1. Around SER44, which amide H atoms from residues at least 5 apart in sequence, or from another chain, sit under 5 Å from its own amide H, with H modelled in the peptide plane?
2. Would you mind ranking ARG51, ARG114 by Cβ crowding within 10 Å, fewest neighbours first?
3. Nearest 10 degrees, 0 to 90: what angle lies between the long axis of helix 2-25 and the longest principal axis of the chain (Cα atoms)?
4. Name the residues of the stretch 23-60 whose amide N is less than 11 Å from a point 7 angstrom out from the Cα of LYS144 along the C-beta direction?
5. Between ASN80 and LYS227, what length in nm is gained on full extension when 0.36 nm per residue of separation is reduced by their alpha carbon distance?
6. Contact order normalised by length for the chain, with contacts defined as Cα pairs under 8 Å and 6 or more residues apart; what percent is it?
7. Between helix 263-275 and the chain, what is the angle of the helix's C-alpha long axis to the longest principal axis, kept within 0 to 90° and rounded to the nearest 10?
8. Mind checking which of PRO33, PRO119, PRO70 has the largest fluctuation in a GNM of the chain, springs on alpha carbons under 10 Å?
Amino acid sequence: MKHLTFLLLFVALFSNVSRSQDKTVNIQTSTKPFVLGITDEIQSAQLAEKRSLNIYLPEGYDQDTKMTYPVIYLLDGSANEDFIHIAGLVQYCTMIQVMPKSIVVGIANVDRKRDFTFPTTVQQDLKDFPTTGKSEKFIAFMEKDLQSYIQQKYRTNASKTIIGQSLGGLLATEVLLKKPELFNNYVIISPSLWWDNESLLAKAPELLKSAAARNIKVYVSVGTEGKVMEQDAANLAAVLKKSADQSLQLIFNPMPAENHLTILHHSAYKAFEVLNAKK
């Protein structure tokens with residue numbers, strides 16, 4: 001009798017467990033991709049190659065078809081580089097109304113040393129990095145291929161910002177000095193102005209005289225990144241401040257608590273804040 005009772009209890013317990021497992025298995029689930037942006041591919045006449053663009057469109061872009069938006073052009077804009085966290089930062093800053101809703105265009109890299117540097121006379125650099133020195137073509141790509149494509153495909157307004165760090169900061173500085181009209185706002189973080197024995201920095205005062213700036217805001221920052229990089233950034237800020245007239249506004253923001261790896265996110269947040277400060 002005891003054995004029979006035990007057997008019945010075991011069968012009942014097993015039956016309840018089975019039903020419980022069946023309920024777990026039969027729970028209806030639904031998954032779908034979490035979409036942060038879109039990827040466009042354009043054929044560049046200036047570079048003679050296809051280039052990928054990672055695009056972040058602000059909330060409400062598809063609903064309000066009459067609204068136009070500022071555009072932020074991000075160097076080092078590959079998905080595995082700076083696009084995801086800068087797009088997230090833009091989304092956050094617009095949510096808390098630090099800045100207007102904006103389109104982010106992340107320019108994915110193919111060969112950043114080639115695209116972000118002008119020719120160098122340093123023989124060791126030529127040996128170590130043989131593809132360098134083609135920034136003129138990349139700047140032409142941004143001017144003639146990229147900006148026209150973005151303006152035609154997306155609802156943009158006249159506000160254009162470029163963000164560059166390290167070699168990207170070098171390129172952004174070169175654009176500022178040689179083609180300042182390409183952007184309204186320049187976010188230059190930890191620029192590698194040491195390139196070619198600091199030749200761009202040496203030419204900056206003369207270049208600023210010949211390049212007429214038009215209502216441009218320039219944000220320059222550097223962390224604790226070595227004496228050369230820190231001094232070069234400070235010298236760039238000094239040259240810009242000395243040469244600036246009412247058409248160029250400089251914000252120099254040293255960030256000693258940051259290093260070369262940590263500065264971009266913190267510095268970009270501050271740049272969005274000060275460049276969009278209400279008067």
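Here, each number is a calculation from the coordinates, and none is a lab measurement. Treat the numbers as computed from the prediction; the structure is a model and nothing was measured. Using ideal geometry, Cβ is built from the backbone for each residue, glycine included, and neighbour counts are taken over all protein chains shown.
1. Counting only residues 5 or more places away or on other chains, the set is GLU49, LYS50, ARG51.
2. On the way: ARG51 21, ARG114 18.
Sorted ascending by nearby Cβ count, the order is ARG114, ARG51.
3. The angle comes out at about 30 degrees.
4. Inside the label zone: 45-48.
5. Working: separation 147, 0.36 × 147 = 52.92 nm, distance 2.93 nm.
50.0 nm is the gain from fully extending ASN80 to LYS227.
6. Numbers: 451 pairs, mean separation 41.0, N = 279.
It rounds to 15 percent for the chain.
7. Orientation of helix 263-275: about 70 degrees from the principal axis.
8. Per the Cα network of the chain with a 10 Å cutoff, PRO33 tops the list.
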